[in-house]
Each structure stands twice: as C-alpha cells, then as structure tokens.
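Have a look at the structure below before the remarks.
The values are calculated or read from the model by the stated rules, or taken from the named source; none is laboratory data. Keep in mind that what you see is a predicted model, and the values were worked out from it rather than measured. Here the Cβ positions follow ideal geometry from the backbone for every residue, glycine too, while neighbour counts run over all protein chains shown. With ligands, DNA and RNA removed, areas are computed over all heavy atoms of the protein, side chains included. Shrake-Rupley method; radii C 1.70, N 1.55, O 1.52, S 1.80 Å.
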Amino acid sequence: MQVPATFGYELAPDLAGALALLARHGPDARPIAGGHSLLPMMKLRLAEPTVLVDINGLTELGGITVDGDAIRFGAMVRHAEVLDSAVVAEHLPILRDAERVIADPLVRNRGTVGGSLCQADPSEDLSAAFSALGATVVITSRDGERTVPVREFHRGPYETAVAHDELVTAVRVPIRPATGSAYEKVERRTGDWAVAAAGAVVSLDGHTVVRAGIGLAAVGAEHFVAAEAEEALRGAPATAESFAEAGRIAAEHCRPTADQRGPVDYKRHLVGVLVARTCHRAAARARGEV
Amino acid sequence: MSAGLEGVRPPEEWIRAAVDTPRGYGAMKRKEDARFVRGRGNYVDDVVLPGMLHGAVLRSPLAHARIVAVDTSAAEAHPKVRAVITGEALAGLGLSWMPTLSQDTEAVLATDKVRFQGQEVAFVVADDHYAARDALDLIDVEYEPLDPVVDATRALDEDAPVVRDDQDGRTTNHIFDWSSGDRAATDAVFAQAQARDDERVVTADILYPRVHPAPLETCGAVADMDPVTGKLTLWTTTQAPHAHRTLYAMVAGLPEHKIRVVSPDIGGGFGNKVGIYPGYVCAIVGSILTGAPVKWVEDRSENLMSTSFARDYHMRGEAAVTADGRLRAVRVHVLADHGAFNATAQPTAFPAGFFGVFTGSYDLEAAHCAVTGVYTNKAPGGVAYACSFRITEAVYLVERLVDVVAHDLGMDPAELRMRNLLRSDQFPYRSPTGWEYDSGDYPHTLQVALDKAGYDDLRREQADLRRRREAGEDVPLRGIGLAFFTEAVGAGPRRSMDILGLGMADGAELRVHPTGKAVLRVSCQSQGQGHETTFAQLVAAELGISPDDVDVVHGDTDQTPFGLGTYGSRSTPVSGAATAIVARKVRERARIVAAAMMEANPEDLEWSDGSWQVKGVAGASRTIAEIALAAHSNLELPDGVEGHLDATCVYNPPNLTYPCGAYVCVVDVDPGTGAVTVRRFVAVDDCGVRINPMIVEGQIHGGLADGIGMALMEAIAFDLDGNCLGGSFMDYLVPTALECPSWELGETVTPSPHHPVGAKGVGESATVGSPPAVVNAVIDALAPHGVRHADMPLTPAAVWSAMQGRPLRTDLAIR
Ligand SMILES: Cc1cc2nc3c(=O)[nH]c(=O)nc-3n(C[C@H](O)[C@H](O)[C@H](O)COP(=O)(O)OP(=O)(O)OC[C@H]3O[C@@H](n4cnc5c(N)ncnc54)[C@H](O)[C@@H]3O)c2cc1C
C-alpha cells in the first residue's frame, strides 16, 4: 500500500470558513474536492500538503443551474452529475460526450468540475471541453468574486490563476443559439487518460460557420485550444472539407510529445481526425440532425 | 424475482449448480466463494500478530549504478524505527545474495551495484507502515551512475556494459545458449525449400514483449521468528509453500522442521508468486533482529517494477513451406531478455522452459530452435504470467508464423491450419523436438470452433465491408483471427523435471472421519483456481459422497504433504491425479473393512453406485460413511487395516498432459485512429475430462481477458536510461470488462490416456491461446493496408504506425 506523508485535516463548514482556513494554513495547505487527483499524488509523495481543507461540505458549490443565457456549474459538481444532467444533454452535448470517457464510474462519482480545472493536468478532458465552450471560471477569495475566462485560467501544466487562499466556486458556460457540440477521445483502454482528444462547438448561420470553439487535450495545445483552426472555420461553409482543413491546421499547431501513448506524428494525425469528426458531429447537432 | 425479470431465466445448468451439489463431477458453485464474497478471506495483509512491526524497502531510482555509500543514521534516529538493514549488514550474515531458481544468484539487498530500477537497497523496520515509509526518505544513498544495458538486441555488443561483473571473470552479458531439435535435418529441409520453385521460406521477426502477471494482491510476507522455540512461521504469498520452506532451509541454514510456511488466501498468482523475493528474506531477517513479527507488503508499483515479469522474447521464426501450403519445417532463433539476474522459475534442464513445444499442433518433418539468454538492466524473473513455462511464447511464435505463411501464400489461414494439423490417428505423437503428445483430435476441435463462429459467413461479411470501404463508405476494417494451440502442462515426470533438484511430484493425504466426512490435504496451493471445490469433487466422485462433505486443506506446510505447488497448469494434472489415487487407496481399504462387515471375501465385492456391494447379493452393500464408522468401531479388523481408512500418496506423472484449443477472434479497427474493438471471441477448448465445467469456464474467461490485455495494451517498456515505463496501473494497463466481448465457449473432450481421471490442465490454456488469435485478427483487418506483422501490444498508436509502414518497437520508449 502506498501511504502519504503526514498531513493535517480540516473540514470546512462553509465557503467563508474554507477561505479562512486556507488563509490561516498558508501556501502549503490545499483544498481537497473529490481527491481523485490529489490523493494519488500524495500517495506517490509527488504532493505533500501540510493541511488538507476539505470542501466537500460546501453545498453552495453544488448544482447545475440555468442562469439567464448561461449554465452555471458549481465547482463541487461531480463528473457523474454532469453525465446525468438533462440540461447538459440538451445544451452542451460536448460535456456529456466527454464525461462518458472520463475515467470510470468510481472516479466520476467523486471527481469534480472544479478539481478537474484546478488540477490543470495537460490531459484533463474537462479543461479542453470548457475551453471549446468559451467558459468563464468564477474564483472567490475573502475579498470577493472575480471571473477569469477559461482560456486565461491555465498558466501551464499544473498551474492556474487561482491563488493559494482562493477557491474556484463555479464555471459559467454561455448558451448559444444554432449551436452544436461534440467531444471524442482516443484512449488505450477504458478509463485511461487520452492519447489525444478534441472537442468542438460549432455555431451555424444556415450553412455557414459563424463561430467555432475547438478544444484539445493531451497534445500540448496552449490553453487547451486550437485557435488557428477556430479562426479558419469562422465564415467557412460547414462542409467536410472545411472540417478536414480545420483538423489539418489544428494538427499543425499543437505540440504533442511522444510517450507510451504514441509518437508525435500519430498524435498530430489524431488531432486532425478528431477535430474533423467532432466538428462534423457538432455541426450536425447544430442542425438538429442528431 | 422482480416483475421486470420474469421469464428471464439463467441457463438450466447454473440453476442446478446453485441449488444442488453434484455427487461428483459437474457444475457446482465454488465452495471457497462463500468466504470471498462476504469479505471473509484471509490474505497475507490480513494477518495481524501481537507486537507486529512493519517493513518497507528502499529501492534504486537508477537502472545501473555503483553504490558508493549508504548512510542510514538519520533513518535509525527516527523514533519509530527499530532496525535498518543494508546489503552490507546482510553480507555479514552471508545473506546479501541468494540463489535463484535458475542456478544463478540474485542480490537480496544491493552491495556493489544496483542493476535495475526498483532494485532493493535497504529495508526499514518500524512501528507502523507510515513510519517505515517516512524513514525510507531519510536514507542517503550515494550512487555513481553507469551506462545501462536496455535494448536486449545490443546486450551482446562488444562495448555493452557488463551487468554481472560480480561474477568472476565475466566479460559479457551472455547467460546461456540452449537448443532443441535436429539442426542438420531442419537445415536440409530449408535448403531444399530455398532451392525449389514450388517451395519457399517464410520469415518473420516477432517480439513477445515483457509483460507482468499483475495479480490484484501484491506480494508480501509476515515473518514471525519465535525467539524461544526458534521456529519461524512465515505467512507469505507463495504458489509453492513446500518448495519455499525447503529453499529457506537450504539458503538460510534454518532447520527445515523449524520452518512453517503458510500461504493463506492468495489474490492471484499467475506465476508472480513462484519465486522468493528479497522482501520476504528481509522480513525474516527483520524478525530475527527485532525479536518481533515483521510484516512487509509491497505496493502496486513495487510489484510491477521489481517482481517476476514474463516473456521478453525476441524471436525470428522461419517456416519452410510448399507453395500449396504444406508446412515442412520450422526454425526459430530467440534472444531472451532475462533482466539483471537469471531468476526464471522452470525445471532445471529447461533454461527456455518448454519453448521446445514451438512446433505446435502441426505435422512437421523437422524443427529446430536456438535460444540465447542475456542479462540486461531490468527486473529479474521471467516465466511468469500463466505461461506454462514459455509455451505462451512458443504458441505465439508458431501461430503468428502460420498466419504470415497464409498471408504470403495468399491462403485462407483456416484452410492452411486444417491442412497441416496433426491427425487423431497420429497420437500418441512424438514431436520433432521430442515431446510426446498424449491425445487430441485437432481437426475436429478446429472444425467445432469454425462452425461455432460461422467462419464462412464472417469471411463473407468481411469481403462485403472491404468492398464498401473501397467504394468510399465510412465502415471499419474487419479482421478475423485464428489460433490453434497445443499446451504441455502438468510438470512433470521426476526423471526429467526438477526445480533445484526437487522432483516435480505432488503429495496428497486423505482422512475419512468416523462419520464419513473427509479431509483432503494437498501440496498444491490455490490462488483462485477453485481447488477447494474441484478437489472435493474428485474425492467425492471416487468415494460416492458429496463434495460438501470433503474439506480441502492446502497452503500450510505443517498441515500438508510435500509437493511443488501450483503453476504451469499443474494442479489438476499432478495434485488432481494424486487426489484421485489417494481416494482410490482409501476405497480399497474400505473394501477390506466392508468385506469384514458383510462377512464376505474382499474379491467378491464390487464398487457400484457409490458403495461396496457383494456381487450378486441384492441389498448387501455398504457406503463409505458406514464403512468409516465400522473401521473405528469394535469390529474385528482383518489384516491390512489398522482401524482407519486414511491413505497418502505421492504422484509422479508419467508424462505431461497436452490440452489443445481452437480460438476465433473478430475485431474492428477504426481506420482513422487505429483503435481496436474486439467484437467476438469463440474459444473451443479440449482439456480432457472436465471435473467442474463451471470452474473450467471461469479459468478460460480469465485467460481470454489476459490475452486481450497482452495483445492490445499490456507491456513494460524501458527508456534508454533504463526507467521502467510500466510501473503503475496508469501505465501498465490491464483490460476491463468493457474491452472484453461476451465470450462464446465450446468444448471437445479427448481424455488424457495416462491421467487417472482423464483430465488435463486448463488454467493457462486461454492465456496461451488467445494472444495470437487477437493479433492475427488485427493484422488480418489491416491486410488492405499491406500489413504483414506488427508487435504487441497493438495500441491505437501501434496499429496506426503499422498502417504507415513504420511499426513501433514496443519494448522501448516510444520516441
Ligand atoms: C484512475 C483515474 C482516471 C482518470 N481519468 C481521467 C480522464 O480520463 N480524464 C480526465 O479528464 N480526468 C481523469 N481523471 C481525473 C479526474 O477527473 C479527477 O477527479 C479530477 O482531475 C480532479 O477532480 P477532484 O475533484 O478529484 O480534485 P482533487 O483531487 O480533490 O483536487 C485536484 C486539485 O485541485 C485543487 N482543487 C480542487 N477543487 C478546488 C477548488 N474548488 N478551488 C481550488 N482548487 C481546487 C486541489 O487542491 C488539487 O490541487 C482520472 C482520475 C483517476 C484517479
């Protein structure tokens, strides 16, 4: 059995309490949500926080709610809730697609939306999906709330815009008309992290793409997005050729590294295939075809 | 039954198995499962003794480095630490090195060098597991890094660093050369095939990468050296408790009667728990030094990185064939990567295990193989993971090679196999490499599998899909793969098979209590095979009682007779035979008592319907329960009976048993991503007589899943610094239910002529037979892309790279 180093534990009563505890225990304390990223790192002694501040009791961080023309995800919403949500199924199929291939039911029952974003693992599927969606992250400190576009949230592998005494409290996703979305991941086995994954959000005006969001996971794409491919799609006809071209551009601009999941040329190839497929499916969904 | 399920019934046989206990053979729920499903198993890590301390191993982060200094002072100063043991300390006791099961030596704790990443360097004993782990960080080891030997194909290069410079005069990494078969005769057939227009030579380079058995329960031990009695009790994860006891006695100089090895419930072995690991020895030394029991249980990464791996065979296979598809000869050269210490577990005379069975199921004129073993800076072990002593490698080689032949000749692989399979009238069959196959009807078994799979329809569907793809439709690449395997299990005849001089026989003792309930004690050990059920059924069938009335005791050397244990699918062939024979001995004793009871002549009795009957006298019969009570009563006992029915036996198998099987796998490959989906798997096994068909099928299910794992995702690769790239379950992937189709099983039954009940082993059959079926299916799917071979594991990246004509080397880091 792998065992972590010694650490202290505090159960936060509410948001204000959690923020106070984080401030009191300083930069070596960590909030713990689902624990499915943090605890393995502690057991491997890659992380040795002095104190864990447990935020699982913070009911104010729960819930998936429609809030005007946006959908709000509380930071403590579990993967499983996203997967089961009717609101998500209706408006944000990219998230349902992604959740189906994130880890396994045990991890999904505990792992959270906030934890996924804050972990900032370069392979995190939700980071790619929220980036494609152009989401906004709500960060709370004792001084109040601030919002950061998700595309500015990640500062690099395992680094985010959140300071040690702050918490992510919610993620807001805009609902756009005539828009469809999709996500696809290639993995070596169910529950494995992505070899490569892509998510697309496509808004149509008739036959023309008026806006495209393309997220990429596990291939070294800056801020998890394929900005050049998005740009190329704007105003383009929603055809297989355009989507293949977007895939080609995304493949060219991402920066995958070789590991046991595959060599660089393969990962680039996958980006091309997956971007084209997800754009195609997103457009079909925007047209109400699937 | 809930309303929604009305009308849905499980198969009749399962219902019966759940309700009735068969008198002897037949489907029956496993007796041991009652405790497992209630969480009442007792594994090594469940053992808690008063005053028990906890051990942890410090491991090398480097693959190859000289040890300059080890400073343990800070660890020793930790308030909860009771002892810190180093290689130097062990050297003082003469225990820093230990013999391996292959006449080599292996470091217990490193003294001079570390030779693989994860090698044991020091051992800490502390009050609790947490403190022991904390103290590891307080040990300061100064290393001087050395160039590692990682690529096995470079291990014999002139300038390769020498891994084993501890051995006097050693200047290379060469361990052994071993060959089998008639080289001259084989070369002659190949020369002809090369020269003639209507024959050819087909060659393929085939890697069976390093994989790991990865049992869910990792290895561990609780050592309790009683300072008063001097008796060592060792609870440990071992598949061979008796062999371990004898080895501890020989190596550590402890008197053998003062050692008790207990292998309690074991959560999977697959060969991983055959050897003796440094951690066990350290736990024993820790207990001796502290006078308290010491528990050591490794974690997942330690298990994957340091304990017995399997395979790692780089093979070149050649087949001499006629243009119309007759296999004439097979020639193989193998480079075997044994890691840093030659610690494979196998019969002494077989350094490449039973690889000599590589001629498989085919009628060849000649065959020859040559195997060269080398040292590298990788974990030692080998011959683990349900491999039947390297038959996994042998079957993979020949079944892959036959498919390459089919590809090159443009023949259907089923037809090619059917043409060349041994015929039933050739049994018993002596193979060109000297193995005597006991029985089988191979063409029949293959035909049953082809029919069950609907082979011709599958080929038609495949052709249709290929046409549609060519016409531009977005349909998957369909592949159909076959494998026909011959296994050789149940090692083995004492005259030719031993491990470190211990003959590979197994013992059984059977006691019948006065009320007719029986206790069987066997030398083999179950790691999930269901021995407590199967062996009870064997006894029950021989004595005419219920399996519920037979208790099977195993895994405790103080309570069971000597024998070599469970691996290589040997339990039923060897211990099962011992069980049947010991039960027959009991029955013969019972005959004498029954004769006395009925005042008849023993010769006038016949065993019929579960009791001894006086021939021709209706109603004159006695059951075992009646006889057992009489044997312990005041009945006047005739000569030859002492007042009980108990018996013992040691079974020395006259030959191995040779199970076989025909497997058909159907896959789809996504041409865009290279991802493989296994659609169907048909497995027709012939393991002779099936004692408990349900358990047999369970064993096959597990082995088929193993095969999908190895074929598609499992491998331990190393980067050029010797870092292990498969050291966790995030990196070393084992299949889940979602990667497995609903298995379609079938059977043929050809009893073994020399086994007392006609049974053959089955534990490893599916692990041996399934990898080539899956790989052959994937390669078949890729045929339109000109792919002829690609190495396991066929991950999406490996498949795609093969389609690009740039197959991956799966033993090294992907670059
Ligand atoms: C076996 C396994 C397989 C997995 N496979 C995948 C996969 O395929 N794809 C994928 O995307 N993910 C995968 N994951 C990761 C999974 O999604 C995690 O649950 C998720 O990454 C982290 O969520 P969590 O709630 O468990 O975070 P935790 O582990 O609790 O925390 C992660 C980090 O975020 C910080 N944190 C958590 N919540 C907040 C907050 N509200 N504000 C500020 N900081 C916070 C913590 O301090 C910590 O540093 C896998 C995990 C496992 C164990």
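Given (1) charged (D, E, K, R); (2) under 24 Å from A:Ala246 (Cα atoms); (3) within 14 Å of another protein chain (Cβ to nearest Cβ), identify the lone condition not met by A:Arg189. Status for A:Arg189: all satisfied but (2). Here B:Leu138 meets the list (1) among the hydrophobic types (A, V, I, L, M, F, W, C); (2) open to solvent by 20 Å² or more (accessible area, probe 1.4 Å); (3) in contact with a helix residue (DSSP H, G or I) (Cβ under 6 Å, 6 or more places away or on another chain); (4) within 22 Å of B:Asn377 (Cα to Cα) almost entirely, failing just condition (4). Only one of the listed residues (A:Gly180, A:Gly213) is over 17 Å from A:Ser127 (Cβ atoms), touching a strand residue (DSSP E or B) at 6+ places or on another chain (Cβ under 8 Å), touching a residue at least 24 places away in the same chain (Cβ under 8 Å) and surrounded by 21 or more Cβ atoms within 10 Å (Cβ to Cβ). That residue is A:Gly180. Of the strands (runs of 3 or more DSSP E) contained entirely in the stretch B:130-214, those carrying at least 2 residues that are modelled with pLDDT of 95 or more and farther than 27 Å from B:Phe350 by Cβ fall at B:140-145, B:199-211. For the stretch B:53-80, name all the residues that are assigned to a strand (DSSP E or B) and open to solvent by 20 Å² or more (accessible area, probe 1.4 Å). Residues satisfying the conditions are B:His54, B:Leu58, B:Arg59, B:Arg66, B:Ile67, B:Val68, B:Ala69, B:Val70, B:Asp71. With in contact with a Gly (Cβ under 8 Å, 6 or more places away or on another chain) and hydroxyl-bearing (Ser, Thr, Tyr) as the only criterion, which of B:Thr290, B:Thr237 stands out? The unique qualifying residue is B:Thr237.
Checked against (1) touching a Phe, Trp or Tyr at 6+ places or on another chain (Cβ under 6 Å); (2) free of Cβ contacts under 8 Å to residues at least 60 places away in the same chain, B:Ala483 meets all criteria but (2).
The strands (runs of 3 or more DSSP E) falling completely within the stretch B:541-649 that include 2 or more residues that are crowded, with 20+ Cβ neighbours inside 10 Å map to B:550-553, B:611-614. Restricting the stretch A:162-177 to residues that are outside any loop (DSSP other than H, G, I, E, B) and open to solvent by 30 Å² or more (accessible area, probe 1.4 Å) leaves a set whose member that is nearest to the ligand (Cβ to nearest atom) is A:Arg172. Would you point out which residue out of B:Pro741, B:Pro756 is within 14 Å of chain A (Cβ to nearest Cβ) and open to solvent by 10 Å² or more (accessible area, probe 1.4 Å)? None of the others qualify; the one that does is B:Pro741.
Which condition does B:Asp721 not pass, out of (1) assigned to a loop (DSSP other than H, G, I, E, B); (2) within 11 Å of another protein chain (Cβ to nearest Cβ), if it passes all the others? Here B:Asp721 clears every test but (2).
Scan the stretch A:226-248 and give yes if some residue there is open to solvent by 50 Å² or more (accessible area, probe 1.4 Å) and within 16 Å of the ligand (Cβ to nearest atom), otherwise no. The answer is no; no qualifying residue exists. For the stretch B:759-815, filtered to residues that are of a type in the set (Ser, Thr, Tyr) and part of a loop (DSSP other than H, G, I, E, B), the residue that is farthest from the other protein chains (Cβ to nearest Cβ) is B:Thr810. Screening B:Gly479, B:Gly501 for residues that are among the small types (Gly, Ala, Ser) and on the phi < 0 side of the Ramachandran plot leaves exactly one candidate, B:Gly479. Could you check the stretch B:697-729 and list, in sequence order, the residues that are among the charged types (D, E, K, R) and either surrounded by fewer than 19 Cβ atoms within 10 Å (Cβ to Cβ) or touching a strand residue (DSSP E or B) at 6+ places or on another chain (Cβ under 7 Å) (or both)? Residues satisfying the conditions are B:Glu697, B:Glu714, B:Asp719, B:Asp721.
List the number of the failed condition for B:Tyr732; all other conditions in (1) open to solvent by 10 Å² or more (accessible area, probe 1.4 Å); (2) within 14 Å of another protein chain (Cβ to nearest Cβ); (3) closer than 18 Å to A:Thr190 by Cβ hold. Going through the list (1) open to solvent by 10 Å² or more (accessible area, probe 1.4 Å); (2) within 14 Å of another protein chain (Cβ to nearest Cβ); (3) closer than 18 Å to A:Thr190 by Cβ, B:Tyr732 breaks only (1).
Got at least one residue in the stretch B:444-454 being assigned to a loop (DSSP other than H, G, I, E, B), crowded, with 20+ Cβ neighbours inside 10 Å and aliphatic (A, V, I, L, M)? Looking for residues that are assigned to a loop (DSSP other than H, G, I, E, B), crowded, with 20+ Cβ neighbours inside 10 Å and aliphatic (A, V, I, L, M), one finds none in the stretch B:444-454, hence no. Looking at the structure I just gave you, is B:Thr229 surrounded by fewer than 15 Cβ atoms within 10 Å (Cβ to Cβ) and in contact with a helix residue (DSSP H, G or I) (Cβ under 8 Å, 6 or more places away or on another chain)? In short, yes. Set side by side, the residues B:Val696, B:Val749 differ, and just one is more than 13 Å from chain A (Cβ to nearest Cβ) and assigned to a loop (DSSP other than H, G, I, E, B), which is B:Val749. Could you list, in sequence order, all residues of the stretch A:141-161 that are touching a strand residue (DSSP E or B) at 6+ places or on another chain (Cβ under 7 Å), more than 10 Å from the ligand (Cβ to nearest atom) and part of a strand (DSSP E or B)? Answer for the stretch A:141-161, where residues must be touching a strand residue (DSSP E or B) at 6+ places or on another chain (Cβ under 7 Å), more than 10 Å from the ligand (Cβ to nearest atom) and part of a strand (DSSP E or B): A:Glu145, A:Arg146, A:Thr147, A:Val148, A:Pro149, A:His154. Within the stretch A:254-264, the set of residues being crowded, with 19+ Cβ neighbours inside 10 Å and farther than 15 Å from A:Val186 by Cα comprises just one member, A:Cys254. Of the conditions (1) outside any strand (DSSP E or B); (2) without any contact (Cβ under 8 Å) to a residue 40 or more places away in the chain; (3) surrounded by 19 or more Cβ atoms within 10 Å (Cβ to Cβ); (4) within 12 Å of the ligand (Cβ to nearest atom), A:Leu21 satisfies every one except a single condition; which number is it? (4) is the only condition that A:Leu21 fails. Quick one: would you say B:Ala384 is touching a residue at least 24 places away in the same chain (Cβ under 8 Å) and touching a helix residue (DSSP H, G or I) at 6+ places or on another chain (Cβ under 9 Å)? Considered against the rule, which asks whether it is touching a residue at least 24 places away in the same chain (Cβ under 8 Å) and touching a helix residue (DSSP H, G or I) at 6+ places or on another chain (Cβ under 9 Å), B:Ala384 comes out as no. How many residues does the stretch A:26-35 contain that are more than 8 Å from the ligand (Cβ to nearest atom) and within 22 Å of the chain's Cα centre (by Cα)? Of the residues in that region, 0 qualify. If the condition is being surrounded by 24 or more Cβ atoms within 10 Å (Cβ to Cβ), facing chain B (nearest Cβ under 10 Å) and among the aliphatic types (A, V, I, L, M), then the stretch A:265-288 contributes A:Leu270, A:Leu274, A:Ala276.
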